[in-house]
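Please read the structure below before turning to the comments.
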Amino acid sequence: AGRAGFGPLEWGLFGMLASGGIAMAWFNPQLYGRLPWISMGVCAVMLGQWKPEQPESMGWTILLFALLHAVPGYYLMGRSPIPKTWGALTVTTVLIYYLLGYWLLRHTLPWDAVTPIWDVIPLFWGALALVLAGVSFHGMLQLHRHWRQRPDAEVMLALFMSSFTAFLSLALTIELEREFLSVAMAGQVLGLAWINRRIPLKAMRPIIAVMALGFAGLLMPQILLLVQLTAYSLVEAKLHLQQSLPIVQWPLFQLGVPAGLFLGASYLLYREQDGKLVRSLESAAVALVAIMGYYLSRKGFHADQNVLFIKAGFLERGFITNVLFLYGLICLMAGRYFERSAFSWSGFVLAMVALFRIAFFDLLLYNPILAHQQILGMTLFNTLLLPFGLPLIWGTLLGKELIQVQMASIRPYLGGFLLLLLFVLTSLNVRFFFHGEYLDTGHASNMEIYSYSAVWMALGIGLLVAGIWRVHKALRYASLVMLTVTVLKVFLYDAGELEGLYRVFSLMGLGLCMLGLSYVYTRFVLERK
């Protein structure tokens, strides 16, 4: 076909052979059932290699051979004892020859030539795919109405549903820009879930899963971007997996809308049957909203800029951490209320990410007392509350939720981390009181050194009072930890560093406080026990 320059005579002869093969397969399917498939495949290969002298003849030849194999298959489908063979031939033929025509003809014919209709209408290929999707959907409805009781109805419905999904996806892919294609794919997931409510099919869930994976493939640039941001944030490694800002220019539309569509699809599928697909869609929706919030936060702090390799400041980093933490708590509460494990686990993961951000960035890498980080505000009411203050509230709520979702074994570790945050918050506020917005500058005076001891002692006493009032053993243990730290500081550091009355007040104040605490423990703790 590629070298001989086939004309009407050669293609007519092959058409007669293909027609004979279809007839033989009808009369003796056991012996000749594969002949229509062979002729359809061989013809498609020959057309792919054919280079006709008159290019406009290519389209008509593809159309005629598509009809030659698809129309008999559709007609014989309802009259054969093995309908799935003819149904599969029809669906496969239409899909293959559509793709063949699109591949060969979309850029082949010049505009000023005598061209067939597929080169005159600009949106022809997308419109044709939509028409074929509509025909497939109509065939599926007819099968559902008239073949519902037949044993092979499930297979036939799955075939036509696959054809409908394929042509709809092709139409969206051809005609839509990438920014809108991912949203359309997510809408297709919701649409298929709705169709599944009307026409239940076992094959529907795998089809929906494939469409969801297609959506994930379209978001691959976002995944690469997040990998880059993570690597740069942790070790300042520029991976250059993607050089420019990726496809998400409108996070609310490109991430928020698909999240809502996935939630709708999971709800429709859950009403029929719970399963891995439902939980995966729920987890994907939670993740999309989290990424959307991250993008919106970064774009809010860096409007009209490429945020790929811009370091987040102390305020921005704390804001993003609190958004993640609060969103994780909301997901945990929603999972408990609606009894959805996917929401609970997703919320737990988000909360752990927020805690990791606090530990790695704010306590270790960019601790204001070690790194040059600007602190804004006034004592006790400043930006230190973002990484060290507000997480105390979210962490306390997280501890209560962990009991509800059977994760109580993590609470002691969470409590220890929250005690550390409280200790850091009070200490850094003392530093802020003496040094202002930059805590890594200047030397500690005697008054500052003494203030740390006094504040830590007051914090230990406050925890003890709260533990006695709430009958909370963990708070009493936390107070013992704080008091032990204070005692060690006074005897191992203050006694050598402080001078004059500051040393006297430090030791005397510690002694008086210890006597008072001894009385409180004897009166309100040991006696009660």
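The values are calculated or read from the model by the stated rules, or taken from the named source; none is laboratory data. Bear in mind the structure is a predicted one, so any value in this text is a computation, not a measurement. Methodologically, a virtual Cβ is constructed for each residue, glycine included, from the backbone with ideal geometry; neighbour enumeration extends over all protein chains shown. Surface accessibility is based on the protein's heavy atoms, side chains included, excluding ligands, DNA and RNA. Shrake-Rupley method; radii C 1.70, N 1.55, O 1.52, S 1.80 Å.
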Using the heavy atoms of the protein chains and a 1.4 angstrom probe, tell me the accessible area per residue for the chain in square angstrom. 52
Size of the dipole of the chain about the Cα centre, Lys and Arg at +1 and Asp and Glu at -1 on the beta carbon, nothing else charged, in debye to 20? 1760
Surrounding net charge for Gly313, when Lys and Arg each add one and Asp and Glu each subtract one, Cβ distance under 13 Å: 0
Work out the charge dipole of the chain with +1 on the Cβ of Lys and Arg and -1 on the Cβ of Asp and Glu about the Cα centre, then indicate which of Leu364, Ala44, Met24 is farthest towards its positive end. Met24
Among Asp152, Asp440, what's the order by accessible area (1.4 angstrom probe), most exposed first? Asp440, Asp152
Approximate spin-label separation Ser233-Arg106, in nm, with each point projected 7 Å along Cα-to-Cβ: 3.7
Just the number, please: Stokes-Einstein D of the stretch 135-231 in µm²/s, Kirkwood Rh from C-alpha pairs, 25 °C, 0.890 mPa s. 167
Enter the angle in degrees (range 0 to 90, nearest 10) between the Cα long axis of helix 83-105 and the first principal axis of the Cα atoms of the chain, meaning the one along which they spread out most. 80
Helical mean residue ellipticity (222 nm; -39500 (n - 2.57) per DSSP H run of 4+; nearest 500) of the chain: -24000 deg cm²/dmol
Taking Cα atoms only, Rg over Rh for the chain with Rh from the Kirkwood formula is 1.20
Find, among the GluC sites (Glu not before Pro) in the stretch 424-502, those assigned to loop by DSSP (not H, G, I, E, B) with at most 10 other beta-carbon atoms within 10 angstrom. Glu499
Quick check: the angle from helix 446-469's long axis to the longest principal axis of the chain, C-alpha only, nearest 10 degrees? 70
Nearest 10, in degrees from 0 to 90: the angle of helix 153-175 to the longest Cα principal axis of the chain is 80
Specify the inter-centroid distance of the stretch 419-441 and the stretch 203-229, based on alpha-carbon positions, in whole Å. 44
Partner aspartates and glutamates whose C-alpha sits under 14 Å from that of Lys299, ignoring same-chain residues fewer than 8 away, are Glu316
How much length is gained on full extension from Val131 to Arg336, taking 0.36 nm per residue of separation minus their Cα-Cα distance? 69.3 nm
